[in-house]
Amino acid sequence: AYNHLRAQVIADLFAAARAGDSQAALNSLDRLQHVSGETDFVERFAVIERNRMAIQGVNHLLAAGKPLAAQEYFNRILKQGRPTQEMTALTPAIQALADLDRYFREGPYDSASKAEAALRRLSEQHAALNQSPAFVKWQAHEKEELVARRKRELEKKMSELINKCDEAVANYDARAEVFMVELSGLAPDHEFTRLRRALNAKAEDVPWQEAL
């Protein structure tokens, strides 16, 4: 009777393992330990099934588009017991996916410079992402978009400063010089900046042609 019961529990165990039902497999392992006291075999098999169940849980959350929840779930699993080498190896990839999701959730960013900084941190902190051709392609496209956005932001800022300069000059407002200095920093080769250099050069008796 003992051998028959033991054989039946082992058959149930391997049937559950083949079916990918880790919880049923763990239940069978508990029964096997109770029936036969095979501690070493049970513990080794249980590690495999717990790992598989954890990975299945992570995959389920990732497939549902919830990488942050997957990261939290995975971290709870690691804290519940001694992590195996296989489980530890998954940590960088799960962390990278969670941070990538966070990058999208925190956007759109206030400025191109903030977006560029966030994208740079994402790439520098996660080597796992840089190994993905899809990420590398997306990152290149994102950088192109940010270059165009930075150009638009610069043009908008310059236009605002030029309008402020025009208004200040028309009203004999001393802040015109402040606006011109700021414009010079943004666009050293702009015609307004060159005109300012020429006017300053004239005031200092420097040939205006050399200032342009």
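The values are calculated or read from the model by the stated rules, or taken from the named source; none is laboratory data. Quick caveat: nothing in here was measured; it's all calculated off a predicted structure. Using ideal geometry, Cβ is built from the backbone for each residue, glycine included, and neighbour counts are taken over all protein chains shown. Heavy atoms of the whole protein, side chains included, go into the accessibility calculation; ligands, DNA and RNA do not. Shrake-Rupley method; radii C 1.70, N 1.55, O 1.52, S 1.80 Å.
Values computed for the structure shown
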quantity	calculated
Tabulated pairs, the stretch 47-63, first farther than 15 Å from Q23 by Cβ, second part of a helix (DSSP H, G or I) and hydrophobic (A, V, I, L, M, F, W, C), C-beta under 8 angstrom, 6+ apart or interchain	V58/A70; V58/F74; V58/L90; V58/I94; L61/A69; L61/A70; L62/A70; L62/L97
Members of the stretch 1-44 that are open to solvent by 30 Å² or more (accessible area, probe 1.4 Å), touching a residue at least 24 places away in the same chain (Cβ under 8 Å) and within 21 Å of T84 (Cβ to Cβ)	Q23
Cβ pairs under 6 Å, 6+ apart, first in the stretch 148-174 and more than 15 Å from A112 (Cβ to Cβ) and open to solvent by less than 90 Å² (accessible area, probe 1.4 Å), second small (G, A, S) and part of a helix (DSSP H, G or I)	C165/A176; A168/A176
